[in-house]
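Remarks on the structure that follows.
The values are calculated or read from the model by the stated rules, or taken from the named source; none is laboratory data. Worth saying up front: this structure is predicted, and the values here are computed from it rather than measured. No Cβ is skipped: glycine too gets one built from the backbone with ideal geometry, and neighbour counts run over all protein chains shown.
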Amino acid sequence: MPSTIGPMIGEGAKRFRGYAERLLAGVQPAQFARKPTWGYGGMEINLNHPAWCYGHLTLYFRMIVEMAGGRADAAPAGFEELFKDGTVCVDDPAGHTYPSLDKVRAEFFKGYDAALAALERADDAALGKPPSDEKARANWKTVGARMNFMITNHIAMHLGQVSAWRRCMGMSPA
């Protein structure tokens, strides 16, 4: 029987993919990992920059592929240490802390596309099961609900940060 839940989740997620592309339009490599500043003396605004937001989300796409029964490529070297949950986003004026805009963008969209494809193939019965780990079960009743959060709500939260970052940097809305 064809999957119905995965493609349903994927419909909303596809809209976020287009938004993620628009948010990167006009972002220059030198500003990709910079925090905005304001006022006299340039006080830093503690806002996650695009390098951290997009890098962070790449890790979750791999989790979605695996939850859907697929096999994900390992995260690029250094991504886990820089972008896993709980890491702090830092201003990177010299461009030595975070991977380049091109590298993060390529990993992000490769991962996003793999997650969307995995959702299309996901088995409804598997999506209806409880998550395998206790921490996840405390938050979601089913694997499908967890995947839905990860590829819609979680992405929306971090892309919203990038939208605010764009405005602080004097850029137009996406």
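Applying the condition of being touching a helix residue (DSSP H, G or I) at 6+ places or on another chain (Cβ under 7 Å) and not in a helix (DSSP H, G or I) to segment 77-91 and asking which residue is nearest to Pro131 (Cα to Cα) yields Lys84.
Given Arg62, Arg34, which one is surrounded by 16 or more Cβ atoms within 10 Å (Cβ to Cβ), basic (Lys, Arg) and over 24 Å from Gly10 (Cβ atoms)?
Arg34
Sub-6 Å Cβ pairs linking a first residue in segment 41-58 that is closer than 9 Å to Phe83 by Cβ to a second residue that is among the acidic types (Asp, Glu) and modelled with pLDDT of 95 or more, at least 6 apart or interchain, are Thr58/Glu107, ordered by first then second residue.
Looking only at segment 165-173, decide whether some residue is closer than 27 Å to Pro50 by Cα, under 18 Å from the mean Cα position of the chain (by Cα) and of a type in the set (A, V, I, L, M).
no
When Lys35 is tested against (1) at pLDDT below 95; (2) touching a strand residue (DSSP E or B) at 6+ places or on another chain (Cβ under 7 Å), exactly one condition is not met: (1). Looking across segment 48-74, the residues that are of a type in the set (Gly, Ala, Ser) and within 13 Å of the chain's Cα centre (by Cα) come down to Ala51, Gly55. When Met43 is tested against (1) surrounded by fewer than 17 Cβ atoms within 10 Å (Cβ to Cβ); (2) over 30 Å from Lys141 (Cα atoms); (3) modelled with pLDDT of 95 or more; (4) of a type in the set (A, V, I, L, M), exactly one condition is not met: (3). For segment 110-159, the candidate set comprises residues that are of a type in the set (S, T, N, Q) and more than 12 Å from the chain's Cα centre (by Cα); within that set, the residue that is modelled with the lowest pLDDT is Ser132.
Filtering segment 75-100 to residues that are of a type in the set (A, V, I, L, M) and under 14 Å from the mean Cα position of the chain (by Cα) leaves Ala75, Leu82.
For segment 1-15, the candidate set comprises residues that are crowded, with 18+ Cβ neighbours inside 10 Å and assigned to a helix (DSSP H, G or I); within that set, the residue that is farthest from the chain's Cα centre (by Cα) is Ile5. Among the residues of segment 75-128, those identified as surrounded by 14 or more Cβ atoms within 10 Å (Cβ to Cβ), within 15 Å of Ala51 (Cβ to Cβ) and hydroxyl-bearing (Ser, Thr, Tyr) are Thr97, Tyr98.
In segment 63-76, the residues that are in a loop (DSSP other than H, G, I, E, B) reach residues that are among the polar types (S, T, N, Q) and modelled with pLDDT of 90 or more with C-beta atoms within less than 7 angstrom, at least six apart or across chains, in these pairs: Ala75/Thr58.
When restricted to residues that are farther than 20 Å from Leu116 by Cβ and part of a helix (DSSP H, G or I), segment 145-174 contains 8.
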